[in-house]
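One structure is given here, and the rest of the page talks about it.
Read the figures in this text as sums done on the coordinates, not as results from a lab. Not measured: the values here are computed from a predicted model. Virtual Cβ from ideal backbone geometry, glycine too; neighbours counted across all protein chains shown.
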Amino acid sequence: MDKNRWHKSAPNELAREYQNGQSSAGWNIWKKHLATRKRPLTTTQLWPKGAHALAWGAAQAGVSDDSAAFIQQLAEASHDMPRSWEQRAEAWIVGTSAGQFDVACALEALAWASILPTAATEFAEDVWWRLLDHLEILAEEAGGTPLNEGPLVQQLLGGELALTLAYLFPEIASCRTAAKAGRKTITAGLTELLDGEGLPSANVLDHFRPLLACWTRCRLIGAHLNKGCSSQKAGYQYEWAVRAALRLTRPDGSQAFGDLGESNGDISLLTAAVACGGDEDDEAIATLALPGGKPPKGLDESLLPAAADHSAWASVTVLRPAWGRNEPQLTIACPDDAFRIELTQQQEPLLAGIWTPEVKVGGVKLRAESAWESLCWVSDDDIDYLELELRLSGGARLQRHVALAREDHFLLLADAVVDAPGDEIEYCGRLPFGPAAGFGQAEETWEGFLLGDRGSALVLPLGLPEWRIEDREGALESADGALQLWQRGQGPALFAPLFFDLKPRRLTRQATWRRLTVGANLEIQPPHVAVGYRAMVGKSQWLFYRSLAEAANRTLLGHNLATELLIARFDRHGEVDPLIEFEAD
């Protein structure tokens, strides 16, 4: 053994025996030292509450149940390990020497590292050292790979594994020095995969929980390392990521876009993350957003940070009126030309999947020629509003509007086709249902209901006539597991809006809507120039207006508008109270 393997913190007699070639005597001293030292703690002892830390995020990372079970067995191992584990360790070393790793293998590497202090009394000397050397090589090689070539595996091996070895074996010089490389890797992950305020890039959103799990374990380890687990700047990003994780949490504790079902491991992860990087606001938010939470008496929710957030850099948006689990929540991720959407209502996803638009002009289908570009984000006391644009072939553009009213509890999802290269536009938008959701239609009108096991929402296709017997301009129906809006129009522009009433107590009340007349210079304007709608559910009424042509002074319900977009409510006196309005430039 290399005489320089030992750091000066190792017992003097240990280094001396190995330097004198007395490997057997040195091994016995090393085993005794590992068995009797009080620090460092085992990785299991770093967070002894709830599910084991290596189980955090494993399901979202695609780890099979069998692999997850064995990883947990390793992580929770004590003395008297099965003899088969030594043989399995030897086979694992051989099987992973090719260097191609998935997430399950990376987590298993961390689990093998976690048992090394205990395994010294169970494994043969040569097997133990080969396992440690192999883990060091894996950490070093992964730390040198680009972050974009499998960021989760890179963070687990190049970051967390390196820090774990440095934490567990400070007496070994090579392990101690691995902390620097591990710290650099974790710093890069936190600063390059997050938007600067905690939201993850849409490209890694599916692995955000496993990444947060990795960073949280590193945070626990870093508390016992001289320079922590990352730079100070990256540490701030972790703290923001904790709040972002709470924003992206469904009422059952799982993450938006992930598999449904409460996960004790996820709740344990979020609890640990709040403890490691949250502040008083995050602690209060967790009591509102997580299952089993009990908000403290006297909590003023209006003083908490906004529950909604948007990042153009990350291409991720969360629209939610407040932090409570019973609030509606709309999550959006659109890294390229795909537009993922999930609507949770009454603690159940009613819509979940890719919102797919199909636009035909003169019978010719237009294709996407860009990624989604964020045009506008507004979040205030009245509304969360997002507007994006997708460039289409032929010079056309698709502008998407998403608005969630905070007090009124309605959602507007609308697509506007503008600058179409022809006179006849056919639009078809598809919104996939959640796992247990479907659609119920009225017999005589185009209204309908999203229906799940618990949640429900009224749906009004504002761009269609209310009554089916009127001239057919489109249809709202269920087709192949999705809510499908088909709409046709004349001219270079078309507006296709859907209104969702998310207030449960209004669902049994009568609903109606009308397309309104838009005028200019004493002439009625065609729908490709501007459109207006009035919707009513019970006694609640709203007004919607969208200009599709060059801005001009127009009239709607007797109001003069020089407006590109207006979403408003009618107050109890019948006056128009804008929730959001964009004046023309």
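Listing for the model above:
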{"quantity": "J(HN,Hα) series, segment 531-537, from Karplus relation 6.51 cos²θ - 1.76 cosθ + 1.60, nearest Hz, glycine and proline x", "calculated": "9, x, 9, 10, 10, 9, 10"}
{"quantity": "Efficiency of FRET from Cβ geometry, Lys227 and Cys376, R₀ 25 Å, rounded to 0.05", "calculated": "0.05"}
{"quantity": "Karplus 3J(HN,Hα) series, Hz, for segment 245-250 with 6.51 cos²θ - 1.76 cosθ + 1.60 (x for Gly, Pro)", "calculated": "5, 5, 4, 8, 8, 6"}
{"quantity": "Amide H partners (placed H, <5 Å) of Leu351, local residues excluded", "calculated": "Leu343, Gly434"}
{"quantity": "Rounded FRET efficiency, nearest 0.05, which uses the C-beta distance separating Asp480 from Ala551 and R0 of 56 Å", "calculated": "0.90"}
{"quantity": "Per DSSP, loop GluC sites (Glu not before Pro) in segment 342-393 with at most 15 further Cβ within 10 Å", "calculated": "Glu369"}
{"quantity": "Cα-only Debye scattering, segment 58-176: base-10 log of I(q)/I(0) at q = 0.13, 0.17, 0.21 Å⁻¹", "calculated": "-0.47, -0.83, -1.28"}
{"quantity": "Relative contact order (percent, whole number), segment 144-284, Cα cutoff 8 Å, 6+ residue spacing", "calculated": "22"}
{"quantity": "Signed unit charges on C-beta, dipole axis of the chain, positive-most listed residue Ala322, Thr42, Leu450", "calculated": "Thr42"}
{"quantity": "Degrees between helix 23-36 axis and first principal axis of the chain (Cα, 0 to 90, nearest 10)", "calculated": "50"}
{"quantity": "Residues with amide H under 5 Å from that of Leu483, placed H, sequence gap 5 or more", "calculated": "Leu431, Phe433"}
{"quantity": "Amide H contacts of Trp6 (H built 1.01 Å from N, under 5 Å, at least 5 apart or other chain)", "calculated": "Ala173"}
{"quantity": "Backbone HN-Hα couplings from phi across segment 213-218 [Karplus 6.51/-1.76/1.60, Hz, Gly and Pro as x]", "calculated": "4, 4, 5, 5, 4, 5"}
{"quantity": "Rel. contact order, % - alpha carbon contacts under 8 angstrom, at least six apart, the chain", "calculated": "7"}
{"quantity": "Computed lengthening from Asp337 to Thr508, 0.36 nm per intervening residue step minus Cα-Cα distance", "calculated": "57.8 nm"}
{"quantity": "Helix-only CD estimate at 222 nm, as mean residue ellipticity for the chain, using -39500 (n - 2.57) per DSSP H run (n ≥ 4)", "calculated": "-9000 deg cm²/dmol"}
{"quantity": "Correct choice for Rg/Rh (Cα atoms, Kirkwood Rh) that was computed from the model, options [x] 1.01; [y] 0.98; [z] 1.09", "calculated": "[z]"}
{"quantity": "Relative contact order (%) - criterion: Cα under 8 Å, at least six apart; region: segment 401-552", "calculated": "24"}
{"quantity": "Extreme residue, positive dipole direction of the chain, given options Ser268, Asn12, Ala307 (C-beta unit charges)", "calculated": "Asn12"}
{"quantity": "Above-threshold pairs, the threshold being 23 Å between Cα atoms, out of Lys8/Lys32; Lys8/Lys227; Lys184/Lys227; Lys8/Lys180; Lys32/Lys227; Lys503/Lys539", "calculated": "Lys32/Lys227"}
{"quantity": "Model label zone, Glu280; criterion: amide N under 20 Å from point 7 Å along Cα-to-beta-carbon; scope segment 303-327", "calculated": "303-307, 323"}
{"quantity": "Over segment 315-583, volume per residue of the alpha carbon convex hull, in Å³", "calculated": "127"}
{"quantity": "Coordinate range along principal axes, alpha carbons of segment 126-225, Å, largest first", "calculated": "44, 27, 18"}
{"quantity": "Alpha carbon convex hull of segment 39-297, projected area averaged over orientations, nm²", "calculated": "13.3"}
{"quantity": "Nearest-20 debye value, the chain charge dipole, Cβ charges on Lys, Arg, Asp, Glu", "calculated": "1680"}
{"quantity": "Under 10 Å, Cβ to Cβ, from Ser231 - net charge with Lys/Arg +1 and Asp/Glu -1", "calculated": "+4"}
{"quantity": "Alpha carbon Rg of segment 269-412, scaled by the compact-globule rule 2.2 N^0.38 Å", "calculated": "1.23"}
{"quantity": "Unpaired by the 4.7 Å Cβ criterion, cysteines found in the chain", "calculated": "Cys105, Cys175, Cys214, Cys276, Cys334, Cys376, Cys428"}
{"quantity": "Cα-centred dipole magnitude for segment 315-583, charges only on beta-carbon of K, R (+1) and D, E (-1), debye, nearest 20", "calculated": "540"}
{"quantity": "Estimated FRET transfer efficiency (Asn326, Arg88; beta-carbon r; R0 60 Å; 0.05)", "calculated": "0.80"}
{"quantity": "Distance from segment 196-231 to segment 171-195 (C-alpha centre basis), Å", "calculated": "11"}
